[in-house]
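First the structure, in the form of structure tokens, and then the observations on it.
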Amino acid sequence: MPPMIITPSTGQAAAKHLTAAVTRSEAVSLYREILRTAKAFHWCDEQGTPWHAKLKAEARKEFDASKEERDPLIIARMLVTGRECVREVQRKFNEADRKCWERIQNDVNRGGGESN
């Protein structure tokens, strides 16, 4: 089935395709992706709390707050927004990681990384 652009007139037709089982599996998939992404944030904030723990707690809070939502269009919007946010965080993290590794490699090539 081709992707469907949801407009106000197609909302009811689209809602038929968003069954509870589909949205639940999508939500679980998104939640697991958030937890996997949070593992990469291993450093601590100013108070010494690991960022991965804060991110996990915040994700749990957001999912718990959204648990009672029943409107399939709102649920779909939340899932799409959540997925886009996770992808953007992953993209930015990977870009920063790549830049760090490039800088390390440049330092090693200039002789800054030699040990005696």
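Since every read-out is calculated from the coordinates, none of them should be taken as a lab result. In this text the structure is predicted, and so the values were computed from the model without any measurement. Virtual Cβ from ideal backbone geometry, glycine too; neighbours counted across all protein chains shown.
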Exercise. How large is log10 I(q)/I(0) at q = 0.12, 0.19, 0.27 Å⁻¹ when the Debye formula is applied to the Cα atoms of region 38-116, each weighted equally and without solvent?
Worked result: -0.56, -0.96, -1.20
For this session: Report Rg/Rh for region 18-71, rounded to two decimals, where Rg is the Cα radius of gyration and Rh the Kirkwood radius.
Result: 1.10
Problem set entry | Loop sites in region 39-88: trypsin sites (Lys or Arg not before Pro), DSSP, at most 13 other Cβ within 10 Å | Lys39, Lys67, Arg70
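Taking 30 Å as R0, compute the FRET efficiency from the Cβ-Cβ separation of Trp101 and Leu35 and round it to 0.05.
0.75
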